[in-house]
Amino acid sequence: MKSASDLSGFPRLRLYWALSRTPHGVIDMTTPGFAALMWLGEFPPFGIVLLGTLTVFAGYTAVYALNDVVDYRVDRERLKQESFLIKPDAPDLDAALVRHPLARGLISFREGLFWSLSWTAVALMGAYILNPVCAAVFILGCILEAVYCLLLKVSPFRTLINGVVKALGPIAAVFAVDPWPSPLYLTTLFFMFFLWEIGGQNIPNDCTDLPEDRRLNAQTVPVRFGLDFSSFAVLATLLGAFFLSLILPSLSQSQFGLFLYITVAAAGIYLLIIPALGFHRRQTPDEAMSVFNKASYFPLALFSLVTAALLI
């Protein structure tokens, strides 16, 4: 059997996609797309769409890889315990390819760093061409992502930083299509994705890693405050994100019909509220992973519904 160092071509490339959690990243790419379309109420010029797509792909690829680069030593500690843990039966979207290929030694640290910096350069150039504000937002996001990782053993309130990082992408996308967007729209958009990230991604993911995080003395919300508080926080933040998602269309430059509000509400109930209620009641790792996986598809659902509304 070939070792990781002997792999080449597509099998080798898959390790880099795993480092950037590309299956999840591609879904996340719909977040800025939704934000821009919802604000404009129409499709931007094709050139903006093309450059924006490349920039967004590069940005998410870079930031997800940066997370593993900064967390390299901690992830190596984590993997030493992995064989002793009972993992949730529900599949982890973040581990669709290989979980932590850098920490596993499948990719060298130098290769991982080069991969992340290369995509960072592409994203930065694309963002600057779209709007210098987008480039500034991207730089801020990279800095905050690194700070978030470094605070793993310091404070559970680092989850707030993660919420900010995920909310910056859609904010940048709006500036890419309009240099003077509505502050009220931007504020609502920011807090919707801020709450969605905390309740639908960060806390549920940490709940599935609770045993190993305790051994690592990681300061996550579940470790510091327990599952009762964590499950309540998930439900409360996702309820907030759900209600803000219903307000956002009314702040668009375009007028959307009742059908969009109904379908957005249905998507939010199915992908956010029902999983959050299940986790709040049962507080199991499987329920936490169910919240994470289903909530991950909420931006894709929003993007699809807005696109459909603009095409019909």
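The values are calculated or read from the model by the stated rules, or taken from the named source; none is laboratory data. Small disclaimer: the values here were computed from a predicted structure and weren't measured. No Cβ is skipped: glycine too gets one built from the backbone with ideal geometry, and neighbour counts run over all protein chains shown. Ligands, DNA and RNA are excluded from the accessible area calculation, which covers all protein heavy atoms including side chains. Shrake-Rupley method; radii C 1.70, N 1.55, O 1.52, S 1.80 Å.
Out of 228, 213, 286, which single residue is of a type in the set (Asp, Glu) and buried (at least 19 other Cβ atoms within 10 Å of the Cβ)? Steps first, answer last, please.
On the way: 228 fails: buried (at least 19 other Cβ atoms within 10 Å of the Cβ); 286 fails: buried (at least 19 other Cβ atoms within 10 Å of the Cβ).
Criteria check complete, one pass: 213.
Considering only region 51-59, I want to know if a residue exists there that is closer than 21 Å to residue 120 by Cβ and modelled with pLDDT under 95. Can you show your working first?
Narrowing region 51-59 to residues closer than 21 Å to residue 120 by Cβ: 51-59.
Of the ones still in play, those that are also modelled with pLDDT under 95 are none.
Taking every residue of region 51-59 in turn, none turns out to be closer than 21 Å to residue 120 by Cβ and modelled with pLDDT under 95.
Could you please let me know if residue 208 is surrounded by 14 or more Cβ atoms within 10 Å (Cβ to Cβ), modelled with pLDDT under 95 and among the β-branched types (Val, Ile, Thr)?
Yes, satisfied.
Under 6 Å by Cβ, and 6 or more places apart or on different chains, what pairs join a residue from region 131-151 that is open to solvent by less than 20 Å² (accessible area, probe 1.4 Å) with one that is part of a loop (DSSP other than H, G, I, E, B)?
149/71
As an exercise: evaluate residue 217 against (1) over 21 Å from the mean Cα position of the chain (by Cα); (2) among the polar types (S, T, N, Q); (3) under 19 Å from residue 190 (Cα atoms) and give the number of the one condition it does not meet.
(3)
Scanning region 50-63 for residues that are in contact with a helix residue (DSSP H, G or I) (Cβ under 9 Å, 6 or more places away or on another chain) and open to solvent by 20 Å² or more (accessible area, probe 1.4 Å), which turns out nearest to residue 109 (Cα to Cα)?
This residue is 63.
With respect to the numbered conditions (1) over 22 Å from the mean Cα position of the chain (by Cα); (2) buried (at least 18 other Cβ atoms within 10 Å of the Cβ); (3) among the small types (Gly, Ala, Ser), which one is the sole condition not fulfilled by residue 254?
Result: residue 254 fails condition (2) only.
Residue-by-condition table, conditions (1) aliphatic (A, V, I, L, M); (2) within 14 Å of residue 34 (Cα to Cα); (3) in contact with a Phe, Trp or Tyr (Cβ under 6 Å, 6 or more places away or on another chain):
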residue: 238; (1), (2), (3): yes, no, no
residue: 272; (1), (2), (3): yes, no, yes
residue: 275; (1), (2), (3): no, no, no
residue: 278; (1), (2), (3): no, no, no
residue: 281; (1), (2), (3): no, no, no
residue: 286; (1), (2), (3): no, no, no
residue: 290; (1), (2), (3): no, no, no
residue: 297; (1), (2), (3): no, yes, no
residue: 305; (1), (2), (3): yes, yes, no
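Considering every residue within region 240-248, establish whether at least one is touching a residue at least 12 places away in the same chain (Cβ under 8 Å), crowded, with 21+ Cβ neighbours inside 10 Å and not aliphatic (A, V, I, L, M).
Yes: one or more hits.
Output the qualifying pairs, or none if there are none: Cβ atoms under 8 angstrom, residues six or more apart or on different chains, first residue in region 165-179 and within 13 Å of residue 31 (Cα to Cα), second residue among the β-branched types (Val, Ile, Thr) and buried (at least 23 other Cβ atoms within 10 Å of the Cβ).
Going by the 8 Å Cβ cut-off, the qualifying pairs are 165/63; 166/31; 169/31; 169/56; 170/31; 173/31; 173/56.
Residue pairs, Cβ under 6 Å, 6 or more apart or interchain, first in region 270-287 and at positive phi, second open to solvent by less than 60 Å² (accessible area, probe 1.4 Å) and not basic (Lys, Arg). List them.
Partner pairs satisfying both residue conditions: 283/227; 283/231.
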